Amino acid sequence: MSQQPAQADSRRLTFLFKSAYWAALLIIAGMAMASFILLQQMIAAQQRDRALLDIVSTQKTLSQRIVFLAAVADAATRDKQPALLSALMEATDQFEKNYDRLMQTLGADPKLSASTPPFSVEAVLFGRPFHLDHFTVGLASSSRRLASAIDNRLKSLNGEKNRKFDGEVISLDAPIANATLAGYAALSDSIRMHAEEKSRGLLSLHRTLFYATIGAIVLIALFIFRPMSNVILRKTHELIDARNSMAFIAIHDGLTGLHNRTFLTDHFDELLKSAHRRRERVAVVQLDLDRFKQINDTLGHAAGDYVLIATAQRMRESCRASDLCVRLGGDEFIMVLNGAGSSEDINTVARRILSRINQPIVYQGTTIQPGASAGIAVYPVDADNVQDLLVHADLALYSAKKLGGGAASFFSEQLRQELDHRKRLEQDIQIAIAERAFDVYFQPQVSLRDGSIIGVEALARWKHADRGMVSPGEFIPVAEKCGLMADIGRIVIEKAISQGAEWHRDGILFGRLAVNVSGSELREADFDTFLFKTLEAAGLPPSKLSLEIVESVILDDEKTGIAAKLRHIRSAGVHLELDDFGTGYASLSHVNPNEIDRLKIDRRFVQNIHENDDNSKIVRAITELARGLGISIVAEGAETEAELESLSAIGCDQVQGYSIAFPMPQDKAREWLVARNPRQAKLKLVSGAV
C-alpha cells in the first residue's frame, strides 16, 4: 500500500514533465513554422518584385521600339512599309499586354494616387509628374492610329507622304516616348524601394523570432531537461529491473513459473556434456495429464490453469534442487534428473513423482483427478543427443498412455523398433499421398423397418505393395501425428464423391454418401471451397453428401472458426452427422437440429446390447433424445441378429455394421447396391406398333 502514493507522485511528476516538454516543443515548432512562413513570404515577395521589374524593363524597351518603328515605317519606301507596319503592331500588342499584366499584378487603385507618398506605385501611375498610365495608353493609341494611317495610305492609289487622315494629322513624337520611359524608370525605382523596405521588415521580424527561439531553447534546457535528467536516471534503474524481469520471463513459463522450452533448448546440451564428463546418467521424464482436455471442457480453462499450477508445484516438491523442471506447453512437462543412478532408482523417483501429481486437486469445491502418465528415456543408454532423448521420452509416454495411463514407462528396444516402423510408415504414407494410392471402401446403411438403403459410408483403405492391406487404425494415427491427414482426407473425399456421382448418374439409389472429416481437414482455410468445387466437378448434388465429424471437433470449433465453416457448408445443402456419439464430452447444446442432421451411436454401445442393460438404456435415451429433437439416428457396429432385434425394439431402425455388409470396394459396392435397388419396369415394343 505504501508504494501506491509514491507511484502516483511519480506518474504526476512524469505527466508534468511530459506536458512541459510537449509545450516547449510546440513553442519551438510554432517559432520554426513562423520563421518558415516569413521566409516563404520573403521569397515569394522577391519573386513577385523580380517579375514586376522584368515587366517594367520590357515596357521601357518596347516603348523605345514603338517610337523607332513608327518613325522608320513612316519614312520607308512603299515596299518595306508592310513589314515595318507588322512589326509596329506586334510591338504595340505586346506593350499593351505587358501593361495589363503589370496593372493586374500591382492591383493599383487610381483613387489612392492623391493620398499616397510621391514615389508610391499609385503616384507614379496616376499622379504628377509621371502620369505613367496616361502616357502608356497615349503611346499605344498613337501607335495604332499611325499604323492605321499608313495602312490606308498603302491601300490608296496615290503615294503621297503626308499623315492626314479624315482631316487629322497623325503623329508619334519623341516627347511621348520619353515621358513613358521616364515613368517606367520611376515605377522601377518605386517597386525596388518598396521591395527593400518590405525585406528589411521581414528580416527584422525573422531575426526577432530567431532570438526568441534561442531563448526558448535555453529556458527549456534550464527548467525542463535538467530536472528531467534526474527522472530519466531513476527510470533507467527501473528499466534495468524490468529487463531483468523480462530475462526471467523469457526462460520461464508465465503460468507455472517452471523453465520453458526455450531454456531447455539452450541448456540441455550443456547438461548432457557435463554428465558425459562426470560419466553420469541423465533421465528425461516426460509427463502428461491424461484427463486435462476433459477438465478444460467440463470445468473451464480457469480450472485447467489451476491444475497446471498445482502440478508444477508438486513437481518442484518431488525433485531435487539439481533437477530441472520444464513446461513444454499445454499439459506437457519435462523433468531432467541429473545423476539419475540405476533404472530402478529412476523408476522409484518417477513413481514417487506420479504418486504426488496424481493426488486429487480441489478446485472451488470440486475434486479433480488429474491422472498423469510418464515416459522415461535415459542418457546415454537410450540416446546420446537432446533431440533423440526427447523423441524417445515421448514414445515412452505414448506407450504408458496405451497401457491405461497413470503410470510410467521406460523407452525400450521394442519402442525403438516401433519408432523405426513409424518412420518408415510415415515415408510410405507420403509416397502413397503423392501417388494417390488410397482407396475408398463403402459400407451400406439400411433401415430395419423396410430394408431400404439410407446411405453408404466411405472408408479409407490402403493396400501397400509390400505390407499388403494396412489397417486404418495403424496408418491414420501416424498420419494425424505427422500432419498428413488433411492430404489423405482430400484424396478420399474426391474419390468418394466421384463414385457417388457415378451412381447418381446411373440412377442407383444409395441414400446419402457419408464421408469422415477430421479436425485437421476442417481447419484448412480452403476446405469448404475445395468441397464445393469437388461436388460441382463430379456432378453430385450437395444434398446427397454427409460429413461425419466427431465430438472433439464440435468442442474446438469456437477457437478455430470451424463452426462458421460448418454452417456455411450446411447452408449449401450438405448434411452433417455427429460420429461416435456418446464417447466424448460434447455438451447437449451442440445436439441441435439447426446444426446436426444425424447422430451415429458408437459401436461400443451397440455391441452385446441384448445382454447389457446399461448399453440398452443409453441407446434408448439417445434415440428418444434424437427423436424428440427431430434428428435422425443410426447405430454402427451391429454384427449379430440379436443386436439388430434389440435395436429395432428400442426404435433405432437405421443401422450399419457387419451384420448388414462389410466395407466393400467400389465394384462390389455397386453390385450390392444394384442388387437391392427396386427394379423398374422396362418398356417393350409391340410388334406392328407404329
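Scanning the stretch 45-69 for residues that are in contact (Cβ under 8 Å) with a residue 12 or more places away in the chain, open to solvent by 40 Å² or more (accessible area, probe 1.4 Å) and among the polar types (S, T, N, Q) yields a total of 4. Would you check if ILE251 is over 21 Å from ARG12 (Cβ atoms), touching a helix residue (DSSP H, G or I) at 6+ places or on another chain (Cβ under 9 Å) and surrounded by 11 or more Cβ atoms within 10 Å (Cβ to Cβ)? Answer is yes for this residue.
The residues on offer are LEU239, LEU271, LEU219, and the sole one that is within 30 Å of ASP382 (Cα to Cα) and either open to solvent by less than 30 Å² (accessible area, probe 1.4 Å) or hydrophobic (A, V, I, L, M, F, W, C) (or both) is LEU271. Annotation note: Cβ proximity below 7 Å between a residue of the stretch 133-149 that is at positive phi and a residue that is surrounded by fewer than 19 Cβ atoms within 10 Å (Cβ to Cβ) (sequence gap 6+ or interchain) occurs for no pair.
Where the second residue is part of a strand (DSSP E or B) and charged (D, E, K, R) and the first is buried (at least 22 other Cβ atoms within 10 Å of the Cβ) and lies in the stretch 361-380, which pairs have Cβ atoms under 7 Å and are six or more apart or on separate chains? Close Cβ pairs (under 7 Å, with a partner that is part of a strand (DSSP E or B) and charged (D, E, K, R)) amount to ALA372/ASP288; SER373/ASP288. Can you run down the residue pairs with Cβ atoms below 8 Å, 6 or more apart or on separate chains, where the first is in the stretch 656-676 and at negative phi and the partner is loosely packed, with under 15 Cβ neighbours inside 10 Å and assigned to a helix (DSSP H, G or I)? The qualifying pairs are SER659/GLU641. Restricting the stretch 464-493 to residues that are exposed (fewer than 13 other Cβ atoms within 10 Å of the Cβ) and charged (D, E, K, R), the residue that is nearest to the chain's Cα centre (by Cα) is LYS481. Taking first residues from the stretch 516-531 that are among the aromatic types (Phe, Trp, Tyr) and partners that are modelled with pLDDT under 90, the Cβ contacts under 7 Å between residues at least 6 apart in sequence or on separate chains come to PHE527/GLU521; PHE527/LYS565.
Residues are listed down the side, and each one gets a yes or a no for (1) over 30 Å from LEU26 (Cα atoms); (2) modelled with pLDDT of 80 or more; (3) β-branched (Val, Ile, Thr):
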| site | (1), (2), (3) |
| --- | --- |
| ASN162 | yes, no, no |
| PHE165 | yes, no, no |
| MET193 | yes, yes, no |
| HIS206 | no, no, no |
| ALA216 | no, no, no |
| PHE223 | no, no, no |
| ARG243 | yes, yes, no |
| PHE248 | yes, yes, no |
| GLY254 | yes, yes, no |
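Is one or more of the residues making up the stretch 301-319 surrounded by 18 or more Cβ atoms within 10 Å (Cβ to Cβ), within 21 Å of LEU271 (Cα to Cα) and touching a Lys or Arg at 6+ places or on another chain (Cβ under 6 Å)? Within the stretch 301-319, one or more residues are surrounded by 18 or more Cβ atoms within 10 Å (Cβ to Cβ), within 21 Å of LEU271 (Cα to Cα) and touching a Lys or Arg at 6+ places or on another chain (Cβ under 6 Å). Residues that are among the aliphatic types (A, V, I, L, M) and in a strand (DSSP E or B) were ranked within the stretch 445-464; the one that is nearest to VAL655 (Cα to Cα) is VAL446.
Pairs linking a residue in the stretch 420-439 that is under 17 Å from GLY468 (Cβ atoms) to a residue that is of a type in the set (D, E, K, R) and outside any helix (DSSP H, G or I), with Cβ atoms under 8 Å and 6 or more positions apart or on different chains, are ASP428/ARG467; ALA437/LYS463; PHE438/ARG461; ASP439/ARG461; ASP439/LYS463. Taking the criterion of being among the acidic types (Asp, Glu) and at pLDDT 85 or above, the residues of the stretch 646-683 that qualify are ASP667, GLU671. Among the residues in the stretch 416-425, are any in a helix (DSSP H, G or I), open to solvent by 50 Å² or more (accessible area, probe 1.4 Å) and over 30 Å from GLY473 (Cβ atoms)? No, the stretch 416-425 contains no residue that is in a helix (DSSP H, G or I), open to solvent by 50 Å² or more (accessible area, probe 1.4 Å) and over 30 Å from GLY473 (Cβ atoms). A single member of THR262, THR311 is out of contact with any Leu (no Cβ under 9 Å at 6 or more places or on another chain), under 24 Å from TYR398 (Cα atoms), modelled with pLDDT of 85 or more and hydroxyl-bearing (Ser, Thr, Tyr), and it is THR262.
Remark: pairs (first residue in the stretch 242-264, without any contact (Cβ under 8 Å) to a residue 12 or more places away in the chain; second residue assigned to a helix (DSSP H, G or I) and open to solvent by less than 80 Å² (accessible area, probe 1.4 Å); Cβ separation under 9 Å; 6+ apart in sequence or on different chains) = HIS252/PHE263. Only one of the numbered conditions (1) assigned to a helix (DSSP H, G or I); (2) acidic (Asp, Glu); (3) over 20 Å from PHE135 (Cβ atoms); (4) open to solvent by 60 Å² or more (accessible area, probe 1.4 Å) is not met by ASP100, and that is (3). Quick check on the stretch 283-294. Is at least one of its residues among the small types (Gly, Ala, Ser) and under 20 Å from PHE411 (Cβ atoms)? Yes, the conditions are met somewhere in the stretch 283-294. In the stretch 496-605, counting only strands (runs of 3 or more DSSP E) that sit wholly within it, the ones holding 2 or more residues that are at pLDDT below 90 span 545-550, 575-581, 598-601.
The values are calculated or read from the model by the stated rules, or taken from the named source; none is laboratory data. All values reported here derive from a predicted model rather than from experimental measurement. Positions of Cβ are generated from backbone atoms using ideal geometry, with glycine treated the same way; all protein chains shown enter the neighbour counts. Areas reflect the complete protein model, heavy atoms only, side chains present, ligands, DNA and RNA absent. Shrake-Rupley method; radii C 1.70, N 1.55, O 1.52, S 1.80 Å.
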